[in-house]
Amino acid sequence: MKAPVNSSTGGTRQIAPEGAYPAVLIQIIDKGTTLDEKWGSKKRKVQFVFELPTETAIFKEENGEQPFIVKTIFNLNMGEKSSMRKFIESWAGKKMTDKQAGEFEIFTLLGKSALVNIAHNGKEDKTYANIMSVSPMPKGMQCPPAYNELLAYDSTEHDAEVFGKLPEFIQEDIRKSDEWIARVSKPAKVAAPVYQSSASDALDVDLDALFSNDSSPFLT
């Protein structure tokens with residue numbers, strides 16, 4: 001998935017501790033385009049979910065210790081002043097050109113490690129763990145492999161298997177998006193008639209399907 005370049009603790013809930021930790025990006029969830037009530041306009045939102053492999057706790061006794069996760073969400077926009085672009089540039093430790101930004105494949109970030117700085121912020125009667133900054137992993141520092149499954153969901157290329165693995169509240173958000181509504185509103189396809197070929201119809205044709213999955217050289 002690519003982004004356009006536009007100009008312009010409450011109760012017993014456990015949250016990730018404050019500090020700087022190695023992290024792995026385990027989910028990239030394109031939630032689709034919905035009304036942003038703060039700005040009164042529609043925005044396409046993408047959520048990044050990071051796992052902290054070195055920081056664990058018991059959230060459910062039956063599951064034993066599991067790593068904390070932290071989340072951040074962006075408008076899908078790689079303009080020069082956009083939060084998403086600044087975040088990725090900070091992660092890479094270098095600036096992008098507009099051409100690089102416009103061609104950057106967001107999903108290539110899945111499974112990559114970073115050093116994230118986490119701070120606690122209060123809202124009403126709850127405390128949240130927020131990612132304040134991100135940077136490349138320091139030289140010589142290793143990040144353990146992810147505990148959780150890596151998931152990427154693109155609202156314009158619906159994958160039912162991946163969608164079914166997302167939390168129910170995320171699924172509900174996606175179902176409200178323009179992309180979801182447009183997809184389910186399409187008229188059903190009419191099956192084309194099946195052509196029964198005979199041996200004399202056979203053609204000696206070599207069909208080569210060439211698929212390129214090159215990722216951007218910007219971030220390694």
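Where a number appears in this text, it was derived from the coordinates with a stated rule and is not lab data. Just so you know, these numbers come straight off a predicted model, no measurement behind them. All Cβ positions, glycine included, derive from the backbone under ideal geometry; neighbour counts span all protein chains shown.
Relative to the present Cα-Cα distance, how much length would full extension add between HIS158 and GLU124 at 0.36 nm per residue of separation?
Details: separation 34, 0.36 × 34 = 12.24 nm, distance 3.57 nm.
That works out to 8.7 nm of additional length.
Of all aspartates and glutamates in the structure, those lying under 18 Å Cα to Cα from LYS99, and not within fewer than 8 positions of it along the same chain, are GLU80, GLU89, ASP214.
The calculated P(r) of region 23-157, using every Cα pair and 10 Å bins from 0, goes 11, 37, 37, 14, 2 in percent.
Taking label positions 7 Å along the Cα-Cβ direction at both THR54 and GLN66, the computed distance is 2.3 nm, reported to one decimal. Counting only lysines at least 8 places from LYS186 when in the same chain, those with an alpha carbon closer than 29 Å to its own are LYS2, LYS31, LYS42, LYS43, LYS45, LYS165, LYS176.
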